[in-house]
Amino acid sequence: MNEANATVVSSAEGGVTTILLNRPDRLNTITIPMMQRLRDALEAAESSGARAVILMATGRGFCAGQNLENLAATYRHHPPTVLGKIIAEHYNPVIERIHNLTIPVIAAVQGVAAGGGFYLAMACDIRIAAKSARFVPGLAKLGLAPCLGGSRALVDALGYSRALEVALGVDEIIAPEAYAAGLVNRCVDDDDLLSTACALADRICALPQNSVRLTKQLLRQASMDASRPSPKTEAWIQSIAASDPQHAERVQQFLSR
C-alpha cells in the first residue's frame, strides 16, 4: 500500500493508521480503482489492530469528486443510468466500510471537497477542516442528487431544511461557515490540521477499545433510521437523475470550462 505511485497510500504509527488519497495532480478526483484501494486500506487498518483512522489527501485539495472525464467516456459506451450501478458496486462499499468499522474514521480536509469528495468526507465519523477547506456539494448543478450516504449525513448534521439548502446550493461553503453550521467538528489553521487530527486520534486510542467500538456502533445505529434512504436507495435515485438529458449536458458544460 506504500507504492510511490499508488492512488491511496497508508501508514501506521502507534494505534493510528493514516490513509492518504494520492492523486494530487487531479485534485484526488474519484476513480473506481482508487475507491477499491481505499476500501482495501480501511479493511487493512482494522485487521492490523488500529484504534483510529485518519483520512487525508495529498496536494491542494481533499477530493474534487467524480472524475468527470472518465464519466463522460463511460457515457459514450453505456447509458447514463450506469452511474447508479457504478456507485452501488464500487463507491458504496467504501461508505459501508467506514460505517461498519469498529474504529472511528477522522476526515482531515484541506482545500476543496466537492461532489463525491464532499460526501466522502461527510461519511466519516468526525471531520476536521483546515481554514483553506471549501465544501462544494455541487451534484445538483450536474443534475444529480446526494450519494455515498450523504442524504442521511446531511440531515443528521443540519436537519432537513438546512440539509436541503446545502444539497441544492450553488455556492461553496468555506471552512468557518461549515464549522458554524455543524458540517465539521473543528476548523483549524492549515499548519495545525495534521497535528489536530493526530491528537484527537491519540486520545481515542487511549480509551478502552471496547467502549469506543460500542459507542460508535450505538450512535451509528441511532442515525440509521430505517425510514431514511440508504446508500443503495441513493444509487437507484442517481440512475434516475442521470437518465435526464440535462445531466449529460451539464457534464459537458463543466468539461468545456
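Values in this text are rule-based calculations from the coordinates and carry no lab data. Bear in mind that the values here come from a model prediction, so they are computed numbers and not experimental data. Positions of Cβ are generated from backbone atoms using ideal geometry, with glycine treated the same way; all protein chains shown enter the neighbour counts.
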222 nm mean residue ellipticity, helices alone, for the chain (DSSP H n ≥ 4; -39,500 (n - 2.57); rounded to 500): -14000 deg cm²/dmol
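Could you sort the peptides 240-250, 176-186 by per-residue average Cβ neighbour count (10 Å cutoff), highest mean leading? Walk me through the numbers before you get to the answer.
Details: 240-250: 15.6, 176-186: 17.8.
Ranking, from highest mean packing down: 176-186, 240-250.
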Cα gyration tensor, the range 84-140 - rounded (a/c under 1.5), prolate or oblate: oblate
0 to 90° range, to nearest 10: angle between helix 193-205 axis and the chain longest Cα axis: 60
Distance between the range 149-197 and the range 10-62 - C-alpha centres, whole angstrom: 21
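With charges only on Cβ, +1 for K and R and -1 for D and E, what is the dipole size of the range 1-113 about its Cα centre, in debye, rounded to 20? Provide the component values of the computation, followed by the final result.
Details: 9 positive and 9 negative charges, 52 e Å.
Charge dipole of the range 1-113: 240 debye, to the nearest 20.
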The chain, relative contact order in percent, only Cα pairs under 8 angstrom and at least six apart counted: 21
Amide hydrogen neighbours beyond the local backbone of G115, cut-off 5 Å, H modeled: V136, G138, L139
For the range 41-180, size of Cβ-based charge dipole, Lys and Arg +1, Asp and Glu -1, in debye: 160
Net charge of neighbours whose Cβ lies under 14 Å from the Cβ of D190, counting Lys and Arg as +1 and Asp and Glu as -1: +1
Per residue, the convex hull volume that the Cα atoms of the range 183-240 enclose (Å³): 137
In Å, descending, principal axis extents of the Cα set of the range 153-199: 34, 21, 13
For the range 130-257: Kirkwood Rh in Å [reciprocal of mean 1/r, alpha carbons]: 17.1
Among P231, A206, T196 the positive-end extreme of the charge dipole of the range 192-236 (Cβ point charges): P231
Rounded to 5, percent antiparallel among DSSP beta bridges of the chain: 30
Net charge of neighbours whose Cβ lies under 14 Å from the Cβ of S243, counting Lys and Arg as +1 and Asp and Glu as -1: 0
The range 14-139: Cα Rg divided by the 2.2 N^0.38 Å rule of thumb: 1.04
Equivalent ellipsoid semi-axes, the range 94-192, via Cα gyration tensor eigenvalues times 5, rooted, Å: 19, 17, 12
Cβ-placed point charges (K, R +1; D, E -1), dipole of the chain about Cα centre in debye, nearest 20: 340
Whole-number D in µm²/s for the chain (Stokes-Einstein; Kirkwood sum over Cα pairs; 37 °C, 0.692 mPa s): 179
Nitroxide proxy distance, nm - points 7 Å out along Cα→Cβ at E249 and A12: 5.2
Between the range 211-253 and the range 100-125, the alpha-carbon center distance in angstrom: 14
Residue-count net charge about F135 - beta-carbon cut-off 9 Å; Lys, Arg +1, Asp, Glu -1: -1
